[in-house]
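Data first, discussion second: the structure below is written as C-alpha cells.
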Amino acid sequence: MREPLKAHTGRAVALRRDDVDTDQIIPAEFCKRLTKSGYADTLFGHWRKEDDFVLNQPEHQGASVLVAGHNFGTGSSREHAVWALRDWGFRAVIATSFGDIFLRNALKNGLLAVALPVPVVAELTELAAADPAFEITVDLQELTVTAAGKTWEFEADHRARWLLLNGLDDIDVTLRKSDAIAAYEAGRPAWMTSITRGTYSSPDAAKLRRAS
C-alpha cells in the first residue's frame, strides 16, 4: 500500500503552453529505463535546454503544483510522462482539460490531475507567474481547489478518488481477496493448467517442454 492522498498544498509554477503532449513532457529517447523512477532530469527534456524555460528558474525549484494550459498530456499513452512529473516533485497538475489516457495514468500513479474552467486556470496562471511563493491547495476529500482566498470545485473519477484516499492501487484491491483466490485455486481440478511462481505447469507440461 502507498500513503493515502487526501489533500496537497504546494507552491505553484505556471507552464504557459497549450496542447502539451506526452512526448514534450518526456521525449521518447528517455523512455528506455525499466523502472518507474529516475526521470526528473528528463522532464520536458527538450525545453529544459532553453535557459529561460520556467522549470530552469531557481525560484521555482521545489514547486509541487503545475498550472498548465489546455489539453495537457495528449499524444501517446506513455506512463513515463506521469513518472517524470512525479519524480520532479509535482503532486498535482491543474489544466482546463487533459488527454484521456494521461488522466487515467496520473490518478493511478498518485498525481492529482484537476480540470478547472478556463477563466480559473487563467487566473491561477497569472498568480503563479507573478509570485513564485504562491500556493495552491488541492483537496481530494472535498473536491476543491483553494488559492488566494478563493475556492473552486472540481470532479474526479469515483473509483480513482477512492483508491487515492485509501492509499490503494488495483493490485492492493485484488490482494484483499487473497483468501478467496487461494480457496478457488485449491479447488481447481488437478488437470487444469496453472502458473506457479512464474512457471507454467500442468500434467502435460513436461511433454510440451520436450516437444519444444
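A few notes on this one:
- Scope the range 129-139; condition part of a loop (DSSP other than H, G, I, E, B) and open to solvent by 50 Å² or more (accessible area, probe 1.4 Å); matching residues: ASP131, ALA133
- In the set GLU142, GLU155, GLU126, only one residue is within 17 Å of ARG17 (Cα to Cα), open to solvent by 30 Å² or more (accessible area, probe 1.4 Å) and outside any strand (DSSP E or B); that residue is GLU126.
- The range 15-52, residues that are under 18 Å from the mean Cα position of the chain (by Cα) and in a helix (DSSP H, G or I): THR22, ASP23, GLN24, ILE25, ALA28, PHE30, ALA40, ASP41, THR42
- Candidates ALA106, ALA14, ALA95: the one that is touching a helix residue (DSSP H, G or I) at 6+ places or on another chain (Cβ under 6 Å), among the small types (Gly, Ala, Ser) and without any contact (Cβ under 8 Å) to a residue 40 or more places away in the chain is ALA106.
- Filter result (assigned to a helix (DSSP H, G or I), within 17 Å of ALA147 (Cβ to Cβ) and open to solvent by 20 Å² or more (accessible area, probe 1.4 Å)) within the range 81-123: VAL118, PRO119, ALA122, GLU123
- The sole residue among ARG78, ARG91 that is among the basic types (Lys, Arg) and touching a Cys at 6+ places or on another chain (Cβ under 9 Å) is ARG78.
- Enumeration of residues in the range 18-37 that are open to solvent by less than 60 Å² (accessible area, probe 1.4 Å), in contact with a Gly (Cβ under 6 Å, 6 or more places away or on another chain) and touching a residue at least 24 places away in the same chain (Cβ under 8 Å): ASP21, THR22
The values are calculated or read from the model by the stated rules, or taken from the named source; none is laboratory data. It should be emphasised that the depicted structure is a prediction, and the values quoted were computed from it without experimental measurement. Quick reminder, even Gly has a Cβ in these numbers, built from the backbone with ideal geometry, and neighbours come from all protein chains shown. Note: areas computed on protein heavy atoms with side chains; ligands, DNA, RNA excluded. Shrake-Rupley method; radii C 1.70, N 1.55, O 1.52, S 1.80 Å.
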